[in-house]
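Please read the structure below before turning to the comments.
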Amino acid sequence: MKEKVCAFTGHRPQNLPFGFNENDARCDRIKELLRFSIEKLITEKGVTTFISGMAIGVDTYAAEIVLEMKKKYPNIKLEAAIPCETQAAKWSEKDRDRYFDIIEKCDIETLLQTKYTADCMQKRNEYMVDKSDYLIAVWDGKPSGTGKTVNYAKSKGKKIIRIIPS
């Protein structure tokens, strides 16, 4: 039986209605909806592997939720899909610490290329979609990297669960 896989895509904090304020009730609501969607995929669809692109924002929230849910569902796995070695190089120390903490706890770490290129994030997104059955997208519907990933997933016939961040 083929394992079922779900990837995540979503906005960076600056493109979310609450910005970098994770204490905002709207951030809590997005995390609640992510948790609900992840659990539903585990219990109703048999998803066992989740892939995070490891960007600040939605990718990080989703990865942390999957790691938390491993306590209840020890058979699930988290894969970090890392676009390039320097992904977190220019982030704040706090965000880098969070990033490396998640990577350390991942079951699978996939480095897609060593050097940064203009298209490495898109290549990472396509890798995640190609490997997945489902895509959970926190997307406001506006043109963006998240929008490109959703459209790519649609073109590949993937099942998309959309969470509107407003």
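Answer yes if at least one residue in segment 103-121 is in contact with a Gly (Cβ under 7 Å, 6 or more places away or on another chain) and closer than 11 Å to GLY53 by Cα, and no otherwise.
yes
Tell me, which residue of segment 1-17 that is assigned to a strand (DSSP E or B) and over 10 Å from the mean Cα position of the chain (by Cα) is surrounded by the fewest Cβ atoms within 10 Å (Cβ to Cβ)? Among residues in segment 1-17 that are assigned to a strand (DSSP E or B) and over 10 Å from the mean Cα position of the chain (by Cα), the one surrounded by the fewest Cβ atoms within 10 Å (Cβ to Cβ) is LYS4. If you go through segment 69-115 and keep only what is among the hydrophobic types (A, V, I, L, M, F, W, C) and farther than 27 Å from GLU39 by Cβ, you end up with CYS84, ALA88, ALA89, TRP91, LEU111, LEU112. Here is the figure for segment 43-60: residues that are buried (at least 20 other Cβ atoms within 10 Å of the Cβ) and assigned to a helix (DSSP H, G or I) total 3.
In segment 1-43, the residue that is modelled with the highest pLDDT out of those that are in contact with a strand residue (DSSP E or B) (Cβ under 7 Å, 6 or more places away or on another chain) and of a type in the set (D, E, K, R) is LYS4.
Conditions (1) loosely packed, with under 15 Cβ neighbours inside 10 Å; (2) in contact (Cβ under 8 Å) with a residue 60 or more places away in the chain; (3) closer than 14 Å to PHE8 by Cα, marked per residue:
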residue	(1), (2), (3)
TRP91	yes, no, no
LYS148	no, no, yes
SER155	yes, no, no
ILE161	no, yes, yes
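Please tell me if GLU68 is over 16 Å from the mean Cα position of the chain (by Cα), loosely packed, with under 15 Cβ neighbours inside 10 Å, of a type in the set (D, E, K, R) and assigned to a helix (DSSP H, G or I). Answer is no for this residue. Among the residues of segment 119-166, the ones that are hydroxyl-bearing (Ser, Thr, Tyr) and farther than 13 Å from ALA7 by Cα come to 3 in all.
The values are calculated or read from the model by the stated rules, or taken from the named source; none is laboratory data. All values derive from a computational prediction rather than experimental measurement. Note that we place each Cβ from the backbone using ideal geometry, even for glycine, and neighbour counts take in every protein chain shown.
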